[in-house]
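Everything on this sheet refers to the single structure shown next.
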Amino acid sequence: MASHDAIVVGGGLVGAAIAFGLQRLGLATLMLDEGDVAFRAARGNFGLVWVQSKGIDFPPYARWTWTSAEAWAELHDEIRELTGTDTGYSRPGGIDVCVDGGELAAKEARLERLHNHSPHFKYEILDRKALAGVLPGLGPDIAGGTYSPADGHANPLYLLRGLHAGFQARGGRRKGGAPVTAIRCQGGGFAVSTRVGEYQAPRLVLAAGLGTRALASQVDLDIPVGPQRGQILVTERLKPFLHLPVSRVRQTAEGSVLLGDSQEDVGFDDAATSDVINAIACRAVRVFPFLARARVVRAWGALRVMTPDSCPIYEQSAESPGLFAAACHSGVTLAAAHVYGLAKAISEGTLPDAVTPMTAARFAHAPH
Amino acid sequence: MRRIDPATPTAVAIEFQGRPVQARDGETVAAALLAAGETVFRETPVTGSPRGPHCMMGVCFDCLVEIDGEPNQQACMTLVRDGMRVARQIGAGDIAPPSEPAGDGL
């Protein structure tokens, strides 16, 4: 049975970031990646590094998001120096466009709550005139928007590739096509059975997205995650017209425009559907009428890894120290926090102080 | 590329890069341009590399051209029309309104 310092189950954005971080600290780490049969939320991501909507009623999540956003530039540089991969990260600020006055008022109230517990979080409410000054071609009936200088974006596929490449460049070992069939606590460490072999390590991190719940239940951890579908459309490449991400419209460095998104409770069905595609396109055209001339070249659905309150879950087993779990739907935004703060604490056998309020114990008295 | 049946009349007059091209009624822009010896239909947005039709069935998007001022048209999916003006698609299509300088420096 092959032995490592740490095993990470999951090769998506969360698992790869943690594995990258552990290997970076010198732990001989094995990343077990299920393969193309997995739901792979990391492959369906919109690519926002987004602060202005996170942890509004849960300050620890807002702080954790902030920490990650602040460290993202460092992560981008590190990946580029190590692997040559450009994650496409930039931080020009971001805008959430509100189509009507009701949306704008609700968003303003939410940002006020966020600012109240996180005074370092700065934002501006843009009325129609101010918004039209920043976004040429804005639709005639758009009420306004909210701007946060802390927001940014990146290419989630290059991020994933960079994390995998950097992990392996530092000597990390990745096994693909390796769905985990069994986990056992064994002699102060953990034994993991996969279709391609048996592995053991004194540290085990479960970061398998929607697969985490079933894996964790084998070792008496309750990680209540479930699927929430989001759909995205992508247009042909267009000349740059958007210099900063707008929550549901993002133009990539190559010129494609991503249009999102949806929140659908449809179980494990990750299909794209014409009604949602239509709704997303209609809203995008309402915000930017000239997009009606853009051709959509692809649409897809993907399943978010959603917790009962949509905030992340980080856990270390009380009965079996060294066994960790991490689950969230913000694998891009939180990538830097996972690479640096989370991996460092796990290497020391603990969770970061910053995430101790984010264990699943917070759901103990709430139904899920 | 050559026409299998060179005898069929080419009665439709289109324009490519300002030059006249004779096309057949019912054929696509891509077929007409290839028959006229044209191979470079566009330059890619990222590296500026030349590209021409590859799949001829609407899938690869390598035959994009500008038709009558409308960018990013698939030449292989568009039938010729008398008087049509076709130009190479250079880089990404531009559909956004002219941008004005942002007033408040965001």
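The values are calculated or read from the model by the stated rules, or taken from the named source; none is laboratory data. Quantities reported herein were computed from a predicted structural model and do not represent experimental measurements. As a convention, Cβ positions derive from the backbone with ideal geometry for all residues, glycine included, and neighbour counts pool all protein chains shown.
Things to note:
- A:GLY331 vs. criteria more than 14 Å from every other protein chain (Cβ to nearest Cβ) and on the phi > 0 side of the Ramachandran plot: no
- Those residues of the stretch A:222-234 which are surrounded by 20 or more Cβ atoms within 10 Å (Cβ to Cβ) and either modelled with pLDDT under 95 or of a type in the set (Gly, Ala, Ser) (or both), in sequence order: A:GLY230
- Looking across the stretch A:165-188, the residues that are modelled with pLDDT of 95 or more, in contact with a Leu (Cβ under 7 Å, 6 or more places away or on another chain) and under 25 Å from A:LEU82 (Cβ atoms) come down to A:GLY166, A:ALA169, A:ARG173, A:LYS175.
- Filtered by the rule that a residue be touching a Gly at 6+ places or on another chain (Cβ under 9 Å), within 14 Å of chain B (Cβ to nearest Cβ) and assigned to a loop (DSSP other than H, G, I, E, B), the stretch A:240-281 gives A:PRO240, A:PHE241, A:LEU244, A:PRO245, A:THR252, A:ALA253, A:GLU254, A:GLY255.
- Cβ-Cβ under 8 Å pairs, at least 6 apart or on other chains, the stretch A:91-108 side modelled with pLDDT under 95, far side surrounded by 14 or more Cβ atoms within 10 Å (Cβ to Cβ) and of a type in the set (Val, Ile, Thr): none
- Taking residues in the stretch A:34-50 that are closer than 16 Å to A:LEU233 by Cβ, and partners anywhere that are of a type in the set (S, T, N, Q), the pairs with Cβ atoms closer than 8 Å and at least 6 places apart or on different chains are A:GLY47/A:ASN155; A:GLY47/A:THR252; A:LEU48/A:SER247; A:LEU48/A:THR333.
- Filter result for A:LEU303 (outside any loop (DSSP other than H, G, I, E, B), within 14 Å of chain B (Cβ to nearest Cβ) and in contact (Cβ under 8 Å) with a residue 40 or more places away in the chain): no
- Considering residues of the stretch B:7-33 that are farther than 18 Å from B:MET77 by Cβ and charged (D, E, K, R) only, the residue nearest to the other protein chains (Cβ to nearest Cβ): B:GLU15
- Residue check: A:LEU159 meets all listed conditions (1) buried (at least 21 other Cβ atoms within 10 Å of the Cβ); (2) more than 22 Å from the chain's Cα centre (by Cα) but one, namely (2).
- Count of the stretch A:44-58 residues which are out of contact with any Phe, Trp or Tyr (no Cβ under 9 Å at 6 or more places or on another chain) and not aromatic (Phe, Trp, Tyr): 6
- Residue, nearest to the other protein chains (Cβ to nearest Cβ), within the stretch B:34-79, restricted to residues that are out of contact with any Cys (no Cβ under 8 Å at 6 or more places or on another chain), surrounded by 18 or more Cβ atoms within 10 Å (Cβ to Cβ) and part of a strand (DSSP E or B): B:ASN72
- Elements of the type helices (runs of 4 or more DSSP H) sitting completely within the stretch A:122-231 and holding at least 1 residues that are more than 14 Å from chain B (Cβ to nearest Cβ) and of a type in the set (A, V, I, L, M, F, W, C): these cover A:156-169, A:212-217.
- Boolean, B:ILE14 is of a type in the set (A, V, I, L, M) and within 29 Å of A:GLY139 (Cβ to Cβ): no
- Residue within the stretch A:334-344 that is more than 14 Å from chain B (Cβ to nearest Cβ), part of a helix (DSSP H, G or I), touching a Phe, Trp or Tyr at 6+ places or on another chain (Cβ under 8 Å) and among the β-branched types (Val, Ile, Thr) present: yes
- Among the candidates A:ALA19, A:ALA62, A:ALA71, residue that is modelled with pLDDT of 95 or more, touching a strand residue (DSSP E or B) at 6+ places or on another chain (Cβ under 9 Å) and either within 20 Å of A:ALA2 (Cα to Cα) or not in a loop (DSSP other than H, G, I, E, B) (or both): A:ALA19
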